[in-house]
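The following block contains the structure, expressed as C-alpha cells.
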Amino acid sequence: MTAMEPDFIDLDGVEKVFEVRRRVGLLRRERRRVRAVDGLTFRVARGEMVGYIGPNGAGKSTTVKMLTGILTPSGGRLRVAGIDPARERTRLARRIGVVFGQRTTLWWDLPLRDSYRLMHRMYRIPDARFRENLDRCVELLDLGALLEVPVRQLSLGQRMRGDIAAALLHDPDVLYLDEPTIGLDVVSKAKVRGFLRDLNAEQGTTVLLTTHDLTDIEQLCKRVMVIDHGRLVYDGTLSGLREAGAATRTLVVDLEREVPPIEVAGARVVRVEGTRQWLAFPASASAAPLVAEVAGAYPLVDLSVREPDIEAVIARMYAERRPVR
Amino acid sequence: MASGRVATAAEGLRAYGLIAVMWIRSTMTYRFSFAMTLVSNLVVNFFDFVVILLMFGHVRGLGGFAFGEVAFLYGTTSTAFGLADLAMGQVGKVGRRVRDGTLDTFLVRPAPVLAQVAADRFALRRLGRLAQGLLVLVWSLVVLEGVEWTVAKAAMVPLMTVTGALIFGSLMTAGAAFQFWAQDGAEVANSFTYGGNTLLQYPPSIFAGELVRGVVYVVPLAFVNWVPALYVLGREAPAGLPPWAAFASPLVAAGCVALAGLAWRVGIRSYRSTGS
C-alpha cells in the first residue's frame with residue numbers, strides 16, 4: 001500500500017440543503033428548506049474501515065451520494081482520492097465501488113456473468129486482472145453456481161454477494177457499502193462480513209459502511225462515526241462510543257428461589273422476574289467482585305453477563321443531544 | 001471544452017455499443033423467443049402496411065397529393081422515426097428510474113448517463129417498425145410519378161431520414177430531460193414524438209395553417225420530412241419557407257441535438273442537486 005494518506009476522504013464543512021415543496025391547500029405550495037447534511041467535517045485515511053451510523057433520515061445516504069458524485073453538495077469542500085466527485089464523476093467512478101443494499105447495480109434481467117462482462121469492458125479492466133479478481137470473488141463469495149442465473153432469480157443474500165463482487169472487479173480504492181447485510185440470513189451475513197474483513201486487510205481497500213446492524217460495526221470497524229440531523233455527533237472507537245453513552249453492563253442471575261431484590265455495592269437491580277434478576281453495573285467495572293459478592297450472599301444457580309446494547313447507547317446519545325439543538 | 005465534449009460523446013458511443021451488444025446477446029440466448037417476437041412484430045407492421053395500401057387503393061389522393069406522394073411522406077417520416085426509436089426510444093423511461101431511484105446506479109458508473117439510459121434494454125425487435133417505414137419508402141419511390149430526379153434530390157432522400165431521426169431523437173431526449181422535473185411527463189413527450197410522426201405521415205395541405213406554422217417554426221418537426229420531401233416532390237415549401245429551406249434541415253437537426261443535449265445536462269444537474 002502507498003504511504004499514509006490521512007485525508008484520502010476529506011470533508012470540510014459539507015452541506016446539503018434540499019428544497020421540499022409541499023402542497024398546502026388546493027393550489028398553493030409551500031417551500032421549505034431542509035438541511036440534510038449540515039456542516040459535516042471528517043477525514044478517513046487510506047485503508048481505514050469506518051462504520052457510519054445514525055437513525056433514518058440522519059443524512060447517511062445523502063453523505064454517501066455526495067461522496068460518489070450522485071449529489072452535488074450545496075456548500076463546503078469534499079474530496080475523495082483528491083477528486084471532486086461533483087465535478088469529475090466519471091473519473092471518480094473508476095476508483096470507487098458502490099453497493100446499495102436496497103437496490104442492485106447489476107442488470108436485473110441478465111445473468112451475473114453478463115453483468116460482469118459488461119463491467120470488464122466499461123471500466124476497461126485489463127483481462128488478466130479481471131479474471132484474477134473475478135476468480136477470487138467467485139471463490140470467496142461462493143458465486144460459482146450463480147454465474148449463469150439471471151439476477152432477478154437470485155435470493156437477497158446471493159444478489160448482495162453478486163453486487164459486492166461487481167463493485168470490486170475494477171480494484172476500487174474506496175468501497176461504499178450502504179446497508180450491505182440488510183435482510184440477509186445469518187450465514188450470508190457471516191460470509192459477507194468475513195469477505196469484507198479480508199478485503200480490507202489484504203487489499204487495503206478503504207471501506208465506508210452505513211448500517212443498521214451494529215454487529216456489522218462490532219465485527220468490522222475500529223472506528224465509528226455517528227451522524228444525526230446532518231451533523232457528526234460522535235467520531236471514535238466503538239468502546240469509546242459505549243462509554244460516551246454512559247453504558248452499563250448487565251449481570252443476569254438465576255437463584256434457587258424467589259428472593260427480594262438483591263442488595264450489593266456497585267450494582268442495582270433493574271428487573272425481577274420470578275427467580276431471575278437483572279443487575280446493572282458500569283461497563284468500565286469488572287464483573288468478578290460483583291459475582292463473588294452475589295454468590296456469597298445469595299443461593300446462586302446460574303449467571304451470565306450481557307454487554308451493553310449499542311443501539312440503546314446511541315438512542316441515549318440522541319436523546320441527550322436533542323435538547324442542545 | 002470542445003475537446004471535452006468530443007471525448008464525452010466518444011465515451012458515450014462506446015458505452016452505448018457495449019450495453020447494446022450485451023442486450024442483443026442476451027436476447028439471442030433465447031433464440032426461439034426472439035424469433036417469435038420479431039415475427040409477431042413484422043406481422044403487426046405488415047398489417048399496418050396493408051391497411052395503408054388499402055386506403056390508397058380507394059383514395060386517389062389526399063389534400064392535392066397523389067397517393068405515391070403521400071406514401072413518400074409516410075415512408076420518410078416512418079423510417080426516420082423508426083431509426084430514432086431504435087436508438088433512443090428507451091430514454092423516455094427515465095422518469096421511472098428517477099422515481100424508483102435506480103438512476104443512481106447509472107451515476108456511479110464511468111459512462112455518460114444518457115448513453116446508459118438510451119442503450120438500456122436495447123431491443124432489435126424494434127427493427128420491425130423501421131423495416132416497415134423503409135418498405136413503404138422504397139415502394140413509394142417505385143410508384144412516384146412525375147418527379148424530375150436530380151443528384152440533389154436523390155441525395156436528399158437518405159439525408160432526410162438521418163436528419164429526421166436526429167430531430168426525433170432530440171425530441172425524445174428533451175422530453176426525457178423534462179421528466180427530471182415532471183416525472184409523469186412521458187405522455188407529453190410521446191405526444192410530440194409519436195404524435196409528430198403521425199402528423200408527418202400526411203401532407204401539410206390537409207392541416208390548418210397555424211398547426212403547420214407551429215410544426216415549422218416552434219417544434220421544427222416539419223424538417224423531418226415535409227420541408228425536404230416537398231422539395232424532392234417539386235412542390236412549394238410549407239408555411240411560406242423559401243425553396244432552399246430543404247437544405248437547411250441538417251442545420252436544424254444540429255440545432256435540435258445541441259438544444260436536447262443542453263436540456264439533458266440541465267436535467268441531470270437538477271437531479272444531482274435535488275436527488276429526486
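All of the numbers you see were taken from the coordinates with simple rules; none came from a lab. All figures in this text were calculated on a predicted structure; none of them were measured in a lab. When we count neighbours, we look across all protein chains shown, and the Cβ atoms used for this are built from the backbone with ideal geometry, even at glycine.
Binning at 20 Å from 0, report for chain A what percent of all alpha-carbon pair distances ends up in each bin.
Bins of 20 Å from zero give 27, 47, 23, 3 percent of pairs.
Please label the shape of segment B:42-144 as rounded, prolate or oblate, based on the square roots a ≥ b ≥ c of the eigenvalues of the alpha-carbon gyration tensor (a/c under 1.5 means rounded; beyond that, a/b larger than b/c means prolate, else oblate). Present the calculation step by step, with values, prior to reporting the outcome.
Details: a/c = 3.24, a/b = 3.17, b/c = 1.02.
It comes out prolate by the Cα gyration axes.
I would also like to ask the following. Using the Cα centre of chain A as the reference point, and only Cβ charges (+1 on K/R, -1 on D/E), how large is the resulting charge dipole? Debye, rounded to the nearest 20. Kindly include the intermediate steps, with their values, before the conclusion.
Working: 50 positive and 44 negative charges, 403 e Å.
In debye, rounded to 20, chain A gives about 1940.
How do A:165-173, A:37-45, A:126-134 rank on mean C-beta neighbours within 10 Å, highest first? Numbers along the way, then the final one.
Working: A:165-173: 21.8, A:37-45: 18.8, A:126-134: 14.0.
Most protected by this proxy first, the peptides run A:165-173, A:37-45, A:126-134.
Separate question: Decide, for segment B:185-266, between rounded, prolate and oblate: order the square roots of the alpha carbon gyration tensor eigenvalues as a ≥ b ≥ c, take rounded if a/c falls under 1.5, and otherwise choose prolate if a/b is larger than b/c, else oblate.
Values: a/c = 2.29, a/b = 1.38, b/c = 1.66.
Taking the square roots of the gyration eigenvalues as a ≥ b ≥ c, segment B:185-266 is oblate.
While we're on this one: For B:Thr76, A:Thr215, which order do you get if you count the other beta carbons within 10 Å of each Cβ and list the fewest first?
Numbers: B:Thr76 27, A:Thr215 13.
Listed from fewest to most nearby Cβ atoms, that is A:Thr215, B:Thr76.
Packing-wise, with mean Cβ within 10 Å as the measure, how do B:155-164, A:266-275, B:189-198 rank, highest first? Present the calculation step by step, with values, prior to reporting the outcome.
Numbers: B:155-164: 20.0, A:266-275: 13.4, B:189-198: 17.8.
Sorting B:155-164, A:266-275, B:189-198 by mean packing, highest first, produces B:155-164, B:189-198, A:266-275.
Now, a different point. By how many degrees, 0 to 90 and rounded to 10, does the Cα axis of helix A:127-140 deviate from the longest principal axis of chain A?
30 degrees
Report relative contact order for chain A in percent, whole number only (criteria: Cα-Cα under 8 Å, sequence separation at least 6).
Numbers: 589 pairs, mean separation 56.4, N = 325.
Relative contact order, chain A: 17 percent.
Using +1 at the Cβ of each Lys and Arg and -1 at the Cβ of each Asp and Glu in chain B, identify which of B:Leu38, B:Val216, B:Phe65 lies farthest towards the dipole's positive end.
B:Leu38
Please work out the Cα convex hull volume for chain B and give it in Å³ per residue. It would help to have the intermediate numbers written out before the result.
Working: hull volume 39.9 nm³, N = 276.
Given the Cα convex hull of chain B, per-residue volume reads 145 Å³.
Within chain A, how many Lys pairs that are eight or more residues apart, or on different chains, come under 26 Å at the alpha-carbon?
For chain A, the number of qualifying lysine pairs is 9.
Is the shape of segment A:248-307 rounded, prolate or oblate, going by the alpha carbon gyration tensor and its root eigenvalues a ≥ b ≥ c, with a/c under 1.5 for rounded and a/b larger than b/c for prolate?
prolate
Got a sec? Charge dipole of the protein assembly as shown, +1 on Cβ for Lys and Arg, -1 for Asp and Glu; which of A:Pro73, A:Gly183, B:Phe247 is way out at the positive end?
Projecting each Cα onto the dipole axis, the largest value belongs to B:Phe247.
Among B:Thr8, A:Thr105, A:Gly51, flag the residue with its Cα farthest along the positive direction of the charge dipole of the protein assembly as shown, charges on Cβ as +1 for Lys/Arg and -1 for Asp/Glu.
Sorting the options by dipole projection puts first B:Thr8.
Need the list of aspartates and glutamates near B:Lys93 for cross-linking: C-alpha distance under 17 angstrom, and skip anything on the same chain fewer than eight residues off.
Filter leaves A:Asp109, B:Asp85, B:Asp104, B:Asp120, B:Asp184, B:Glu187.
Would you mind ranking B:Lys93, A:Lys191 by Cβ crowding within 10 Å, fewest neighbours first?
Details: B:Lys93 16, A:Lys191 19.
Listed from fewest to most nearby Cβ atoms, that is B:Lys93, A:Lys191.
Sort B:Tyr231, A:Tyr298, B:Tyr30 by Cβ crowding within 10 Å, fewest neighbours at the top. Let's see the in-between values first.
Details: B:Tyr231 22, A:Tyr298 17, B:Tyr30 11.
In increasing order of surrounding Cβ atoms, one gets B:Tyr30, A:Tyr298, B:Tyr231.
Figure the gain on full extension for A:Asp135 and A:Leu26 (residue separation times 0.36 nm, minus the Cα-Cα span) and round it to one decimal in nm. Walk me through the intermediate numbers first.
Working: separation 109, 0.36 × 109 = 39.24 nm, distance 5.89 nm.
Extra length available between A:Asp135 and A:Leu26 comes to 33.4 nm.
Which value in deg cm²/dmol, rounded to the nearest 500, describes the helix-derived mean residue ellipticity at 222 nm for chain B, given -39,500 (n - 2.57) per DSSP H run of n ≥ 4 and division by the residue count?
After summing the helix terms and dividing by residue count, I get -23500 deg cm²/dmol.
Follow-up. Give me P(r) over segment B:149-228, computed from all C-alpha to C-alpha distances, binned every 10 Å, as integer percentages.
18, 44, 29, 8, 2
Determine the dipole magnitude for the protein assembly as shown: charges of +1 sit on the beta-carbon of Lys and Arg, -1 on that of Asp and Glu, nothing else is charged, the reference point is the Cα centre, and the result goes in debye to the nearest 20. It would help to have the intermediate numbers written out before the result.
Working: 70 positive and 57 negative charges, 283 e Å.
It comes to approximately 1360 debye.
Rounded to whole Å and ordered largest first, report the semi-axes of the equivalent ellipsoid of the protein assembly as shown derived from its Cα gyration tensor (root of 5λ). Present the calculation step by step, with values, prior to reporting the outcome.
Numbers: eigenvalues 805, 126, 98 Å².
The answer is 63, 25, 22 Å, longest axis first.
How high is the relative contact order of segment B:2-274, in percent, with contacts defined as C-alpha pairs under 8 Å that are six or more residues apart?
Working: 363 pairs, mean separation 68.5, N = 273.
The normalised contact order for segment B:2-274 reaches 25 percent.
Based on Cα positions only, what radius of gyration and what Dmax would you give for segment A:199-287, in angstroms?
In Å, with Rg to one decimal and Dmax whole: 18.6, 57.
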